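Each remark here refers to the structure printed beneath this line.
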Amino acid sequence: MKAPRLPRLPAIKPPPLPGPPPGPFRPRFWRSPLRGPWLTSVLGSILLVMIAVVAVTGLISHSAYQPDVVKGYNAIVGPRGDIGPLISLPSDAPSWAYALSQGAHVTIGLIAIPVLLAKLWSVIPRLFAWPPVGKPAQSIERLAILLLVGSGLFEFVTGVLNIQVFYPWHFLFVRAHYYGAWIFISALALHVCVKFPTVVRAYRDQGVLRPLKADLANTKPEPFRPGGLVSPSPATPTISRRGLLGLVGAGSLALLIANLGESVGGPLRRIALLAPRGRVWGTGPNDFQVNKAADSVKVTALASDPRWRLTVAGARTVSLSRPQLMAMTQHTYELPIACVEGWSTTQHWTGVRLRDLAALVGASPDAFLEVHSIQPKGPYRHTAYPASQVRDDRSLLALCVNGVDLSLDHGYPARIIIPALPGVHCTKWLGSMQFVEA
Ligand SMILES: Nc1nc2c(c(=O)[nH]1)N[C@H]1C(S)=C(S)[C@@H](COP(=O)(O)O)O[C@H]1N2
Ligand SMILES: [Mo]
């Protein structure tokens, strides 16, 4: 017996999965024909080299900024709350070493900005990948990217604002920039490991430099892969890849020219148009970088008072007027002030050796030194130096610069000039010094 024929039912189609919302969440929204793994790899490789230099010099600066005067204690923040000096300059480094290191940190950090922006532009479709959370592995990767981009932007933004001496926040820049750096370095290390195979494949498929040969007419999109960086509907190119990289390079070069003078000084300073501290400070021997003018910290009256005396304490305490200090043996050295903010200035300083002052008050060569400024308020009024810096022949209580008295802005009646530490330790308008036996 034949089974009765059943009427054919229409096949039931599963309802369509909800697609990405319109706009940037749809891959077809992104149409640049230049985006692709090769372009991102090139920008990423350049950026990686720059960031490596910035990271190493940053860690050097961190340990130089807060040298331990005795083990585990430093003058600026007291007991260290950080990982400690991972990389530091040797204690007998030449006096220009910190200026070079920090000049590189700030300058390379600045010229990396156009590369960073181009790199972010090159991967922007990934920011809108749909669905926002997918498989666990994918979600973890996106979280890592969020951390990478977030900490990277934080480091660049806080760094740039800091060199402009602009602090529109309530946290301590040094701590925040330092801990932010560790998050950034860790996230970046992970990112490099994850993306390494993609970069290798892009260079193998496209050649490391081959795409640069193509002019505009020969600029073709990289091979499309679903879920990759190449647009599924690329527009006609309006610029070649080498044109784009040239533009980025020109941006970096402009930043270099507009800022380098602050670090290098000399005639270059006059073209440092973006230098936040100006380019000239008057005429004569005192015409060089002033970071904090005497008036701005209300120290003018105290510092120009002829009754000013310096208290020097050790095994005994003495109080010295400026003429008495001038009557002591004077020494002259050519030394830089190298600020953590990247600028530096090298001048001829004359004054009394710190070690002579230590001997005067009966301090041993192992004593470290704490100093206080007469400046009534604000940061950098107090610091300390390890014994090795106090013993250094070139460490001075400077009274004169370039053959004339210090100007008020440069720290008259007396300031510290120390050969191998950042400028922040060159305390101005000194009031007292204390040699402390370790
Ligand atoms: N008393 C006092 N000393 C100070 C400072 C300060 O603000 N107050 N600034 C320090 C910093 S951060 C630097 S880089 C140098 C800058 O020296 P200059 O202002 O003579 O250029 O001085 C250091 N000495
Ligand atoms: Mo500084």
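Quick look at the values:
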quantity	calculated
Matching residues in region 293-305 - criterion: being open to solvent by less than 60 Å² (accessible area, probe 1.4 Å) and within 11 Å of ligand 1 (Cβ to nearest atom)	ALA293, ALA294, VAL297, VAL299, ALA303
Flag for PRO376 being at pLDDT below 95 and either in the same structural domain as ILE337 (by TED's automatic domain parsing) or outside any strand (DSSP E or B) (or both)	yes
Test: residue in region 59-66 that is of a type in the set (Val, Ile, Thr), assigned by TED's automatic domain parsing to the domain that holds LEU127, closer than 27 Å to VAL248 by Cβ and modelled with pLDDT of 85 or more	no
Test: residue in region 344-361 that is assigned to a loop (DSSP other than H, G, I, E, B) and buried (at least 22 other Cβ atoms within 10 Å of the Cβ)	no
Every residue from region 292-334 that is away from ligand 2 (no atom under 16 Å from the Cβ), in a helix (DSSP H, G or I) and touching a residue at least 24 places away in the same chain (Cβ under 8 Å)	THR300, LEU302, ALA303, SER304, ARG322, LEU325, MET326
Output for region 408-430, where each listed residue is more than 19 Å from SER61 (Cα to Cα) and more than 9 Å from ligand 1 (Cβ to nearest atom)	LEU408, TYR412, PRO413, ALA414
Breaking point among (1) closer than 30 Å to PRO267 by Cβ; (2) of a type in the set (A, V, I, L, M); (3) in a loop (DSSP other than H, G, I, E, B); (4) in the same structural domain as GLY431 (by TED's automatic domain parsing), for ILE337	(3)
Out of LEU110, LEU120, sole residue that is farther than 24 Å from SER61 by Cβ, in contact (Cβ under 8 Å) with a residue 12 or more places away in the chain and open to solvent by less than 80 Å² (accessible area, probe 1.4 Å)	LEU120
Given (1) within 16 Å of ligand 1 (Cβ to nearest atom); (2) surrounded by 14 or more Cβ atoms within 10 Å (Cβ to Cβ), number of the condition VAL312 does not satisfy	(1)
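The values are calculated or read from the model by the stated rules, or taken from the named source; none is laboratory data. This is a predicted model, so every value here is computed, not measured. Note: ideal-geometry Cβ built from the backbone for every residue, glycine included; neighbour counts use all protein chains shown. Remember, those area values only see protein heavy atoms, side chains included, never the ligands or the DNA or RNA. Shrake-Rupley method; radii C 1.70, N 1.55, O 1.52, S 1.80 Å.
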